[in-house]
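The next block holds one structure in the form of structure tokens; read it before the comments.
The values are calculated or read from the model by the stated rules, or taken from the named source; none is laboratory data. These numbers were taken from a predicted model, which means no experiment stands behind them. Heads up, the Cβs are rebuilt from the backbone with ideal geometry, glycines too, and the neighbour counts pull from every protein chain shown. Side chains are part of the model used for accessible areas, which takes the heavy atoms of the whole protein and leaves out ligands, DNA and RNA. Shrake-Rupley method; radii C 1.70, N 1.55, O 1.52, S 1.80 Å.
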Amino acid sequence: MGLLFIALWSWRYVDARASFHQELRYRGEIALRSIADQLASNLDGHFHDLTFFRRSLLELNDHPLVLTPGKKAAMRAFQKTHSGIVAINMLDRRAKKIIWSSSEQWSTPLLQAGAFTQLKRNPDYLVGQPVLSLPDKVWVMPMREHLLNRQGQVTGYIGSPFRLSQLKNIHTPADMDIQIMGAGQIPVAFWRRGVWQNPAPQERWAGNSLQVAVPGYPWTASARWSPEMISSQFWQQNVWQGLPFVIILCVLLLLDRLSVGFLRQLLDLRQYQQAALLTQQSLLVLAEPEAMYARLVQDIVHETRATAAWLMMPDHKTGFWQLMALEADGIDLQESLQVWFSAWSPNGLRDEHFLPARVLRSGRAEEFRFSEALVGSPELPENRPALRRLHSMIAYPIYTQDDEQQLVLIVASAATRHFSQPLKMLIGQLASSMGLTLTLWRRHHDLTNAEAEIRKIAFYDSLTGLANRRLFNEQLAKALTLTCASGQAVALGILDVDDFKGVNDQYGHDAGDALLVIIARRLEEALRASDCVARWGGDEFVLLFEGLPSRRVLEEVLARLERIMDSPAKLSDRALLPLRISLGVCFCENLSQLKNQDDLFRCADQALYAMKAQKRTRDHFWMVHDLDDRVTD
């Protein structure tokens, strides 16, 4: 028992130590990001001051380096009111000479141009390395901006050394050391236990440390804790936690193992409740049953301690069972289950003693061991030891309200006694939700199909599949509206089969119907995607040509239609029947002449009868009339 106490205490100590380190790093990362943001804010404010002078005073003419007494006085006054600014300097184009400075002691730049780093977020911003300013012996950070003329060319620089001592205002935690490293790993600032110090090279870092990038600058902010500091803080927080832990540990040891099992059951129940909630929410938005199956087993495995879950469905035509969805907590187990399922023989899948069939037939859930499921199944592959992880299993039938779809949900666990009574009830509710969702999906699917069928009956011809008169009138109204807006022409044609009665009398009405279907398919092939064709009734078709930029385009479409219609039609009895048709077209280039749709039909009908009158001597089977009765063959 003493060894058990020591082992448990050691485990508690290691766990508390790890939690403390994690909490310390989390708190340090938050503090470090705050310090980095404050540092970037200080430097951004200084750059904004330089930008203000550059844009409002210096870049107003072609010579930004020429300073008037008023500009000089303004910059000197600004420097006096901002303690962080050591001086405001104007440098030449090569940044080798200070042309003017608000402080008389500045005559040469503190750093060469190569010691500055250009910021990626703003190429006009340059930040230098920390340097000791003489004779004041003040640590400063030189900062510069490009001066541009009106042509956008760099004519010089405006710079200002920034007092690093201004960073004292940044609050840092007293239980860690903070260091800011610039480009080239050059120290910029250092805080030891909350106190700012000069950016002189520090000793080598030891112990735990974190690093965070300073937003917008090529710097990194680092935080460290010494081992002594970590130990001190750890024992301050945990010294009084040891005694309660020992007492609680003694109480837990006195509890029966059933209490531990009860707690585990409560945890499992909560996990399954969460999985049920996620699944029910997901099932409402998924569009297909296959996606519902996959989501159900994924939620069960990923959100609970279940080892695997799968759905099986019987094929009533063949009697075989199909695996609809499978999910396991490991790739090896999932592949092993798939191999095991594929090894079942067709007769084994149709056996009435097959577990899913037995559950579906009884209509109630059944719990069993994995060894029981092996009865009548193929032997486990020797190279698939992952299957032996499975111990307890439970199977639930899933029914839709119309009983047209039946499935079996099987959940497996590596634990021997995983499924408590409340857990069984919850999985049963999950299976019922799946059945209800499938019922709703099927009703919605049937309703959608019914709506599509009603629309097909209402707007399409049952023989040819073309639009009927109602749909064509709607398309014609839309086309006329669009044509008015686009300014293009529109044409309407009426096509009639010559001597169609003779075809019916000689070959039969079935042959006549077949001929109409062939004509419909050829019309669809010849017309453009923007055109519309409909069966008007009997052997008569109407054609709508919209979006015509010119009359020549209409004639090209008619010529292609004539080529396609030129070959004879092959009827079901292998008889070849020449296609003899007549087409009258009304071409309307100016819709202002159109009073109503009947004018188009009347004009096209006149062209059709004129074409039929010439069908023995005609060169084409079509004739075009203008809306103003001008005729063109």
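Solvent-accessible area per residue in the range 448-587 equals 49 Å², computed with a 1.4 angstrom probe and all protein chains kept.
Trp536 exposes around 50 Å² of accessible area when a 1.4 Å probe is run over every protein chain in place. Candidate cross-link partners of Lys424 among the lysines, defined by an alpha-carbon separation under 20 Å and a same-chain spacing of 8 or more, are absent. For the peptides 27-35, 408-416, the ranking by packing is 408-416, 27-35, with the highest mean count of neighbouring Cβ atoms within 10 Å listed first. Holding the Cα-Cα limit at 28 Å, pick out from Lys456/Lys612; Lys96/Lys137; Lys478/Lys501; Lys570/Lys612 the pairs that are longer than that. As for pairs spanning more than 28 Å Cα to Cα, those are Lys456/Lys612; Lys478/Lys501. Working from Cα pairs under 8 Å separated by at least six residues, relative contact order for the range 503-633 is 18 percent. Expressed in units of 2.2 N^0.38 Å, where N is the residue count, the Cα radius of gyration of the range 466-564 is 1.18. Taken over the C-alpha atoms, the range 408-540 has Rg and Dmax values of 27.5, 84 angstrom.
Residue order by solvent-accessible surface for Lys80, Lys96 is Lys80, Lys96, largest first, with ligands and nucleic acids left out and a 1.4 Å probe. At q = 0.09, 0.10, 0.21 Å⁻¹ the log10 of I(q)/I(0) for the range 492-633 amounts to -0.27, -0.33, -1.36, computed by Debye summation with a single uniform scatterer per C-alpha, solvent ignored.
Quarter the surface of the alpha carbon convex hull of the range 522-593 and you get the mean projected area, 5.9 square nanometres.
Projection of the Cα convex hull of the range 43-106, averaged over all directions and equal to a quarter of that hull's surface, yields 4.6 nm². Accessible surface comparison of Thr448, Thr155, probe 1.4 Å, protein chains only, largest first: the order is Thr448, Thr155.
With the convex hull of the Cα atoms taken as the outline of the range 72-224, the averaged projected area works out to 10.1 nm².
So if I average 1/r over every pair of distinct C-alpha atoms in the range 15-78 and take the inverse, what Kirkwood radius in Å does that give?
Computed over Cα pairs of the range 15-78, the Kirkwood hydrodynamic radius comes out at 15.4 Å.
DSSP bridge analysis restricted to the range 531-633 gives an antiparallel fraction near 65%, rounded to the nearest 5. Within the shell defined by Cβ-Cβ distances under 15 Å, the residues around Pro549 carry a net charge of -2, with Lys and Arg each +1 and Asp and Glu each -1.
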